[in-house]
1. Do any strands (runs of 3 or more DSSP E) lying entirely in segment 630-703 carry at least 2 residues that are small (G, A, S) and touching a helix residue (DSSP H, G or I) at 6+ places or on another chain (Cβ under 9 Å), and which ones are they?
2. Any chance you could count how many residues in segment 375-425 are in contact with a strand residue (DSSP E or B) (Cβ under 8 Å, 6 or more places away or on another chain), closer than 27 Å to A464 by Cα and among the β-branched types (V, I, T)?
3. Being surrounded by 24 or more Cβ atoms within 10 Å (Cβ to Cβ), touching a residue at least 24 places away in the same chain (Cβ under 8 Å) and at positive phi, is that true of even one residue in segment 558-577?
4. For the structure I just gave you, tell me whether D548 is part of a loop (DSSP other than H, G, I, E, B), surrounded by 13 or more Cβ atoms within 10 Å (Cβ to Cβ) and either modelled with pLDDT under 95 or outside the structural domain of I475 (by TED's automatic domain parsing) (or both).
5. Check segment 57-66 and report whether any residue there is under 19 Å from the mean Cα position of the chain (by Cα), modelled with pLDDT of 95 or more and either under 28 Å from L519 (Cα atoms) or not basic (K, R) (or both).
6. For segment 387-429, enumerate the residues that are assigned to a loop (DSSP other than H, G, I, E, B), surrounded by 12 or more Cβ atoms within 10 Å (Cβ to Cβ) and at pLDDT 85 or above.
7. Within segment 269-280, identify whether any single residue is surrounded by fewer than 19 Cβ atoms within 10 Å (Cβ to Cβ) and under 20 Å from H170 (Cβ atoms), and answer yes or no.
Amino acid sequence: MAILEDQLTTKGAAEQISTFESGNEMAAMAAAQINYHIMGYFPITPSTEVAQYLDQMKARGEHDIKLIPADGEHGSAGICYGAAATGARVINATSANGFLYMIEQLPVQSGTRFPMVLNLVTRAVSGPLDIRGDHSDLYYGLNTGWVILTARTPQAVYDMNIMALKVAEHSKVRLPVIVAYDGFWTSHQKRRVEYFKDRRVVQEFVGEPQIEGYNFIRDLKKPVTIGAHMLGDDIINNHFQQSEAIYNAKEVFEEVAAEYAKLSGREYNVLDLYKMEDAEVALFLLNSAAESAKDVVDQLRAKGIKAGVISPNMIRPFPAKEIREALKNVKALLVGERADSYGAQGANLTHEVKSALQEDYHNKTIVLSRVFGLGGKDFYETDAKAFFDMAIDAMEKGYAEKPFDYFGHVPGDPEKALKPVIEPQYGDVYKSGLIEVKMDEATNKLKVKIPPLRALTGKPKRIASGHGACPGCGIFAGLELFFKGIEGDIVTLFQTGCAYVTTTGYPNTSHKQTMMHNLFQNGAATLSGTVEAFMELKRRGEIQVSDDATFVMVTGDGGMDIGMGSAIGTALRGHKLIMLEYDNEGYMNTGSQMSYSTPIGHMTSTSGVGKAQRGKAFHHKDTAQIMAATNIPYVFTGSEAFPQDLVKKGAKAQWYAQNVGTVYGKILITCPLNWKSDDRYGTKIVEAAVNSCFFPLYEIEQGVTTITYNPEDKNKRIPLTEWLKYMGKTKHLLKEENKQLLEEFEQEVEKRWQRLKAKHENPLL
């Protein structure tokens, strides 16, 4: 039945609480009540909130789930698979490109038959980048071998999450399960829901994990081998068994749903059928769009038109038999899909519906296919009415004039061609002629002369002021100061993050020079391809440039976590480019989640502070030292609080990138919104970070470390607490009950500082 709020009343055997919550909140609620063992996760909009809510609940002591922050979605899938191999109960949540990044791991888990539950909060897959909801990510998952349930409402998200685990662990299934629901429509909108008051009701429903008889990594006296490679007959037998198991999942789902209905009062059939008992014209819609179409059904019924809506609660296995039964009297059906299968004359579910109908030679249903709602384009009542009009027209004519088409697209507007906010600038406009960089043969180091900073103010900014960054954001102050040290043209690649999304929103761009975008995990590799192709085209005379451009990859917001492998590979190959990281100590672009650059004890939206935890539990990553270990010619750290130091390092970075190889630089920048600091004090905060020796300024040139600013020599060193006091995210560290954690942080800062001084004093270290 449809889950309609005005009919939502407790009819089951167990006491429930009625409230208003979002889909993400209800996914977290179900997970907490089940009390999973492990969640490996990585933030991506719009699924990130699931981990955030679970972290908040963890801080309050409301569950015992071990939340493991991964280095990326591929890593999170690996964490979950490894945990599931022990027989632990495992949950995860992801969206869009994050789902695609982990997809290599998904058939591994289903093929070796380890259950878990994954909430897929559906979102458009880039490019171009769009964080809003459609089903293009979900459709990539259809062939992963996972059972797939779909949830139209926050209530269904809660219920499906509870049922999903029981289906996954059933002896006839033993497969992982995806619960898919629409990004932002279902994930963020609050609607009336009911949940069980006592978590023991949920735990008794799902039961204890079934361990006996399965190959789990649990008893070391009973060693197991997991994932042995197979050939020939063995692999086809394995996949046959997996195929049988996923078909079994439909029968098991029906059993579990019937049992759940007695407990909750809410029924979930394989198909949600709205007024389909005598329908002659119908829509087939997945998830939230189906709810929007039901009002139109009522309107058409009032006019004597026998209309209905079909929406599956399960799409893997595909409920072919039930669809044939539902469509036996339907003359015309329009399948609306929030994704396309490019070149296939219709998207995936369209072909699966048609295939199901072919098995019934009596069925004469005309099937139309329309791709709609891509990138979060809203689906209104008027759109549902237009869909019904198309189906009615086909019913009356006896055929569909256009079986497949897009819906909601419009002709391109030449006025909306991508264009900069202001005229682009290039060439000599970025050459001051005031910066001198020369190699000192005696020391094998560069000597740099820069003029007073006021003399460089004539160089225009590389990024126009028409960007949308938050007040006090340190990104652009830091980037522009670094760019002052670079003469001539640049080509930049911005990984996904605040710097990217606040400067490029179609049809406008704030970049005055060439900029491209790629995702967190692949920026460095992408730019290395651009550099090498550019140089090869130049060598062959296919492009004419008088001067060499400087190629700069800009990353931040956690990009040097998920993108670390790509960055290291690029550095080892030695491409002539600069990797510049702005470090704001978190995944700020998705809501201030914890990153590996977040210091210990700092509060983020996934490292909360409460009676059960005190912020991040482990120390921050020293990216500069990691990149130095690749033996690239130049590594540096910088801060806008020490502008001459940063400009000099920019000039050095350009020379090395153009003449020797890869350069890496790290700039500490403030994020007042998520650091919970006064935006007026940005420079003061990063200056305190340097003077406390938390963020020392140094360079590693040809393997030799030099501290470029030593606060001890200047009698300016301050206690770490003098830096921490400026930020709301660290105020708890100044309280007496957290003294031990503060001391651990101070000891780590001092250890790294002493190690750095030793390297400064000994060029062989």
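The values are calculated or read from the model by the stated rules, or taken from the named source; none is laboratory data. For clarity, every value in this text was computed on a predicted model and none was experimentally measured. No Cβ is skipped: glycine too gets one built from the backbone with ideal geometry, and neighbour counts run over all protein chains shown.
1. Passing ranges, in order: 634-639.
2. 1
3. For segment 558-577, residues surrounded by 24 or more Cβ atoms within 10 Å (Cβ to Cβ), touching a residue at least 24 places away in the same chain (Cβ under 8 Å) and at positive phi: present.
4. Considered against the rule, which asks whether it is part of a loop (DSSP other than H, G, I, E, B), surrounded by 13 or more Cβ atoms within 10 Å (Cβ to Cβ) and either modelled with pLDDT under 95 or outside the structural domain of I475 (by TED's automatic domain parsing) (or both), D548 comes out as yes.
5. no
6. Selection gives A400, P403, F407, G408.
7. yes
Residue-wise test of (1) of a type in the set (F, W, Y); (2) assigned by TED's automatic domain parsing to the domain that holds N143; (3) out of contact with any Asp or Glu (no Cβ under 6 Å at 6 or more places or on another chain).
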{"position": "S311", "(1), (2), (3)": "no, no, no"}
{"position": "F318", "(1), (2), (3)": "yes, no, no"}
{"position": "N329", "(1), (2), (3)": "no, no, yes"}
{"position": "A332", "(1), (2), (3)": "no, no, yes"}
{"position": "G336", "(1), (2), (3)": "no, no, yes"}
{"position": "K354", "(1), (2), (3)": "no, no, yes"}
{"position": "V367", "(1), (2), (3)": "no, no, yes"}
